[in-house]
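Q: Pasting in a structure now, in C-alpha cells, and then I'll have a few things to ask.
Please treat every number below as a calculation from the coordinates, not as lab data. Computed from a prediction, not measured in an experiment: that's the story for all the values here. Here the Cβ is made from the backbone with ideal geometry for all residues, glycine too, and neighbour counts use every protein chain on show.
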Amino acid sequence: MYVRFLYFGFRIFTFIFRPIRLGTRVMMIQDDKVLLIHHTYLHGWYMPGGGLKRGETIEQAARREAREEAGAELGKLKLLGAYTSFKDYKTDHNLVFLCHDFTLNGKHDAEIAEARFFDLNGLPEDMPAGHRRTLEEYRAGIEPLQFGEW
C-alpha cells in the first residue's frame with residue numbers, strides 16, 4: 001500500500017512539473033519466451049527497466065533494473081533503440097536493450113508483484129503498446145526502428 005501512495009504522489013509531481021526522464025528497458029528472451037514483470041502499483045505487464053540514477057551509465061542502469069525487478073544477472077546486451085513516451089504528463093526517453101544471455105536468482109524487489117515468462121506467441125493482453133509492438137516486431141523478425149514514439 002505504501003508504494004501505491006508514493007506512486008500517487010509521483011503522478012501529482014509529474015502533472016505539476018512535466019519532467020523529462022531517461023530510462024532503460026530490457027527485452028529478456030530465452031527459448032522463444034520473454035520475461036515480463038508486474039508491478040504492485042501499476043496495471044499490466046512490462047519489460048524490466050527504470051530510470052537512470054545520478055552517476056550511472058545506461059548499461060549500468062539496465063543491468064541494475066534487471067537485477068532489482070527480475071532477479072536477473074545479464075550477460076551480453078544489444079541496444080535496439082531509443083523511444084519516447086508522452087504518457088501521464090511526462091516525457092520519458094527509454095533505451096531498449098535485447099538480452100538472450102541471463103540467469104535468474106528468483107529474487108526481486110518488493111515493488112514487483114510477479115516476474116513471469118510468456119511465450120512470444122501468447123503475450124498478455126494488458127501490456128503497454130510500445131512494449132507489445134517491440135516484442136511483436138522481434139517475433140516477426142522485423143528490424144526495429146532505432147527511434148520513435150513508444
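Q: For the residue pair residue 76 and residue 113, what label-to-label distance in nm results when each label sits 7 Å from Cα along the Cα-to-beta-carbon direction?
A: 3.7
Q: For the chain, what log10 I(q)/I(0) values come out of the Debye formula at q = 0.09, 0.16, 0.19, 0.20 1/Å, with one point per alpha carbon and no solvent?
A: Here log10 of I(q) over I(0) equals -0.26, -0.89, -1.29, -1.44.
Q: Which peptide among 42-49, 112-119 comes first, and what is the full order, when sorted by highest mean count of other Cβ atoms within 10 Å?
A: Those peptides, ordered most packed to least, come out 42-49, 112-119.
Q: Related question: Between the range 122-137 and the range 1-40, what's the alpha-carbon centroid distance in Å?
A: Measuring centre to centre over Cα atoms gives 15 Å.
Q: State, as an integer percentage, the relative contact order of the chain based on alpha-carbon contacts under 8 Å between residues 6 or more apart.
A: About 29 percent, as a whole number.
Q: Let me ask another. How big is the equivalent ellipsoid of the range 67-150 along its three axes, where each semi-axis is √(5λ) from the Cα gyration tensor, reported in whole Å from largest to smallest?
A: Equivalent ellipsoid semi-axes, largest first: 22, 17, 15 Å.
Q: Can you give me the Cα centroid spacing of the range 49-65 and the range 86-111 in angstrom?
A: Taking the Cα centre of each part, the range 49-65 and the range 86-111 sit 10 Å apart.
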